[in-house]
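Here is the structure we will look at, set down as structure tokens.
The values are calculated or read from the model by the stated rules, or taken from the named source; none is laboratory data. On a predicted model such as this, the values are computed, not experimentally measured, just so you know. No Cβ is skipped: glycine too gets one built from the backbone with ideal geometry, and neighbour counts run over all protein chains shown. Ligands, DNA and RNA are stripped out before the accessible areas are found, and what is left, the full protein with its side chains, is counted by its heavy atoms. Shrake-Rupley method; radii C 1.70, N 1.55, O 1.52, S 1.80 Å.
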Amino acid sequence: QMASARYLALYGKKAAPAEKKVLKLIRRSDRLNYSGTTNLKWSLIDILGNIGTSDPEAIDALVKFLSSTEYCVPDSAMRALAAIGAPAFPALKKAMDASETYVKIRIIGTLGMAGKSASQETGYLKSLYLSAKEAVVRDAIEDAMEKIASP
């Protein structure tokens, strides 16, 4: 499974026909308990980002991975969600309210990683900035807005 997922991740958008199988493995990934499971998750997450999934279940799963404590899983999810772009933004914003500070920073960082495709979210980020209580959240918002505005 790990080798297959790694190869599919390299196929980019051509891996789209495997989306349902990837989603099935993502659903089961928390129950997988063998060496290399984290590596498998990285590849599955990468596939969803590479194909630009718009499947709500897949996007919700990627958003949930932002709170993972597994090595590099949140980073992979951030890259995938940024690559997906606009279809992922509503789920990210919805998760913002119920998230802990470190997850909020990852959500904001994801919007920043999306760059120009997140330019329609600058108003949202400005309103977050005004209501943010934590200095680290405000710092993350400033960084994200700089990335979105940069050429």
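Just to confirm my filter: which helices (runs of 4 or more DSSP H) fall fully inside segment 49-151 and include at least 2 residues that are more than 21 Å from ALA16 (Cα to Cα)? Walk me through how you get there before you give the answer.
On the way: elements: 56-65, 73-84, 89-96, 101-113, 122-131, 135-149.
Per the criteria, 73-84, 89-96, 101-113, 122-131, 135-149.
If ILE84 satisfies all but one of (1) open to solvent by less than 20 Å² (accessible area, probe 1.4 Å); (2) more than 21 Å from SER29 (Cβ to Cβ); (3) among the β-branched types (Val, Ile, Thr), what's the number of the condition it fails?
Among (1) open to solvent by less than 20 Å² (accessible area, probe 1.4 Å); (2) more than 21 Å from SER29 (Cβ to Cβ); (3) among the β-branched types (Val, Ile, Thr), the lone unmet condition for ILE84 is (2).
Out of ILE47, ILE59, ILE105, report the one residue that is over 10 Å from the mean Cα position of the chain (by Cα) and open to solvent by less than 20 Å² (accessible area, probe 1.4 Å).
Values: ILE59 fails: over 10 Å from the mean Cα position of the chain (by Cα); ILE105 fails: open to solvent by less than 20 Å² (accessible area, probe 1.4 Å).
None of the others qualify; the one that does is ILE47.
Is there a residue being farther than 19 Å from PHE65 by Cα, surrounded by 15 or more Cβ atoms within 10 Å (Cβ to Cβ) and at pLDDT 85 or above anywhere in segment 17-28?
yes
Show the residue pairs meeting these rules: Cβ distance below 8 Å; 6+ apart or different chains; first residue within segment 13-30 and of a type outside the set (D, E, K, R); second residue open to solvent by 70 Å² or more (accessible area, probe 1.4 Å) and assigned to a helix (DSSP H, G or I).
Once the first residue is of a type outside the set (D, E, K, R) and sits in segment 13-30, its partners that are open to solvent by 70 Å² or more (accessible area, probe 1.4 Å) and assigned to a helix (DSSP H, G or I) give LEU23/GLU57.
Note down all Cβ pairs under 9 Å where the first residue falls in segment 99-119 and is on the phi > 0 side of the Ramachandran plot, the second is modelled with pLDDT of 95 or more and of a type in the set (Lys, Arg), and they're at least six residues apart or on different chains.
Correct list of pairs: GLY115/LYS147.
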